[in-house]
Every structure is written in structure tokens, then in C-alpha cells.
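Shown next, in C-alpha cells, is the structure this report addresses.
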Amino acid sequence: MPELPEVETVRRGLNKLIIGRKILDVEILNEKSFSFAGSFLAKNVIGAKITIVRRRGKVLIIDLDNNFSLVIHLKMTGQMVVRGDKEWGAGHPTNSLIGRLPDKSTRVIFSLRGDAKLFFNDQRKFGWIKLLPTNEVDKIKFLVEMGPEPWEEKIDEKFTKNVRRHGNSMIKSIILNQSVIAGIGNIYADESLWMAKIHPKTRVKNLPDKKLKEICHAAGEIMQKSIDSGGSTMQTYVRADGTRGDYLEKFANVFNRQGQPCPRCKTLIIKIKVAGRGTHICPKCQKLS
């Protein structure tokens, strides 16, 4: 599953390449991926111009100039690929990013003005596209329930308030909860807890507000650094120009580094299970009190 920085790199790439283009046609090759009658698409998508690509958590939102929006979730193996006067592929790194399209993973094709095509590829068919009036996008249930973005104003106060509702839970399981804060997945949870020197099994009730704010600030700092480096990729996601992000290679301190020395104290990083998730910690820096 992509995490917020990976989806943000896709958003930025799309904004560079498809803004202002008119949608001339839509071909749906898999109805599960985008289920709408042709007449509805003809009325509300074909002929509309793309105005902006937004993101909320791990969801992409393409706004059209007719007050409708395409809401897209890439899930585990989704790709967005542009072919035409400019070409790039972003997402799960199969040959579909560079091969001839459409192929067996192609689910939806948008033909755009300027002799360009936008392909939604999804190998495992878990991803989806929905078409909604723009003013109804924020009313989607899982978006309504989604927590604040890591860079919102007064995010540390909002984060602390949301975390405190789960006093008896382990801190890692709570910061992975998208209703607490948007976009944090396994990689950035491990990195944030390492930076704050907190064991992931620590119960929320045993953490002072100061420590919760440290986690929140660490998450924002790490995720911004990951966005700047093109995402983590985890060998599954690439940045919008088709090259791999390098966060894990250059900046990760504990994630996927079991058996390597902690950058702070040189103790060997270990991997444990927390709430069913593989979790990387420094046993010295992150003692369970």
C-alpha cells in the first residue's frame, strides 16, 4: 500500500502534465475499477477540462471544470501513466510503466486533448475510480472520518487530542489509525517512534503530551523529507518522472534495517511484531517502560 509521500509524488506529477487538458473519451476495461454507465460519463466527464489534482490522505482527487471530480485510490498495485507528447509512469513498478499500453493490467483509459492518454493500470484490481460532484467528495464516509493532515495548523494539538481517545492502546497501532492522523503507514510510524525514542508497544496513557507532540513533529518532518526525495518506494512505488524514490536508501533510520547499527547508539536494530505489523526498533533507544 502506498503511503502519503508516495501518493503526493504522483499528485505532483499529474499536476505538471494533465492540468488544462480536456477529456475527449473514457474507455473502461474493468467495470469494478470504474463503474458508470456510458451515458453518465458522456454527460459528466467527456468534454470536461481538468483543473487541478488534489490529495486527501492517500486518495487522489482530479477536479473537473464542470463541478465533478474523479476520486482515485491506487491501493496496492495502481499506476497512473501518461502517454503522448509527454510520457511518464508513476506507481507499482511493473513493465506497464514503460511498456506498450493498454496491456493486461490496464483498467481505464482517458483520452485527453493534445493527443495524450491517461492510463489507470491496476494489476490486482483493488484500486478504484469514483465520479462525484465536487461538493460531495468531502462527504465520502472514509474521508469524513479521516484525521488531519500532518502539516495542518495546530496539528500537534489535534493529534494529541485524537490519540488521547485511545488511552489503553499501543501507540503504534494508534498512529496507524487514519482517523487519528492521515497518511501515516508502517514505514513512517516506525521512523517517527524511533526519532521520539518511544517503544511502539507503549500504552498511550503512559505517554505525556510532550512525547505525543514529538511523535507528531517527527512524522511531519520525516514525511516531508520523503516527499522531497520522491517517496520510499519499498520497491513498489516510483516517483512521477518514472525514477525510484530514495528515502529508504538515504534517510531511513530503522525501517527495514534489522541487523544494522542504530544511527544514534550503534545497537543493532531488531524487528518485532506490534499489532500484527512488522516493526523495526532500536532496543536501547526505545526501551519499553
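The values are calculated or read from the model by the stated rules, or taken from the named source; none is laboratory data. What you see is a predicted model, and the numbers here were worked out from it, not measured in a lab. With ideal geometry, Cβ positions are generated from the backbone for all residues, glycine too; neighbour counts draw on all protein chains shown. Heavy atoms of the whole protein, side chains included, go into the accessibility calculation; ligands, DNA and RNA do not. Shrake-Rupley method; radii C 1.70, N 1.55, O 1.52, S 1.80 Å.
Things worth noting here:
- Extreme residue, positive dipole direction of the chain, given options Gly185, Pro150, Ile281 (C-beta unit charges): Ile281
- The mean sequence separation of alpha-carbon pairs under 8 Å and at least six residues apart, normalised by the residue count of the chain, gives a relative contact order of 19 percent.
- Estimated [θ] at 222 nm from DSSP helical runs (n ≥ 4, -39500 (n - 2.57)) normalised by residues in the chain, nearest 500: -7500 deg cm²/dmol
- Amide H contacts of Trp88: Val82, each under 5 Å away and 5 or more positions distant or on a separate chain (H built 1.01 Å from N in the peptide plane; Pro and chain starts excluded).
- Listed candidates (1) 44; (2) 35; (3) 29 - label of the one calculated as percent of Cα pairs over 30 Å apart: (2)
- For the chain, the per residue solvent-accessible surface stands at 46 Å², with DNA, RNA and ligands left out and a 1.4 Å probe.
- Charges were assigned to the Cβ only: +1 to each Lys and Arg, -1 to each Asp and Glu. The resulting dipole of region 1-93 about its Cα centre is roughly 220 debye.
- Here the accessible area is traced with a 1.4 Å probe on the protein chains. For region 119-196, carbon and sulfur cover 51 percent of it.
- Whole-angstrom gap from region 147-196 to region 40-85, using each part's C-alpha centre: 28 Å
- Crossing angle, helix 186-195 versus the chain [Cα axis fit, 0-90 degrees, rounded to tens]: 40 degrees
- For Ser169, distant residues with modelled amide H under 5 Å away: Val204, Lys205
- For Leu268, the residues 5 or more places off, or on other chains, whose built amide H falls under 5 Å of its own are Cys262.
- Projected onto planes of every orientation and averaged, the convex hull of the alpha-carbon atoms in region 125-213 covers 7.2 nm².
- The figure for Glu87 is an accessible area of roughly 120 square angstrom, using a 1.4 Å probe on the protein chains alone.
- Crossing angle, helix 4-17 versus the chain [Cα axis fit, 0-90 degrees, rounded to tens]: 30 degrees
- For region 251-260, backbone phi angles converted through the Karplus equation (6.51, -1.76, 1.60; θ = phi - 60°) give residue-by-residue couplings of 10, 4, 9, 10, 4, 6, 10, 4, x, 9 Hz, Gly and Pro being listed as x.
- Only Lys, Arg (+1) and Asp, Glu (-1) charged, at Cβ; the chain dipole about Cα centre in debye: 1040 debye
- Three-way shape call for region 4-144 based on the alpha-carbon gyration tensor, with the a/c threshold at 1.5: rounded
- Ordering Lys117, Lys58, Lys75, Lys161 by accessible surface, largest first, gives Lys161, Lys117, Lys75, Lys58; the 1.4 Å probe counts only protein heavy atoms, with every chain in place.
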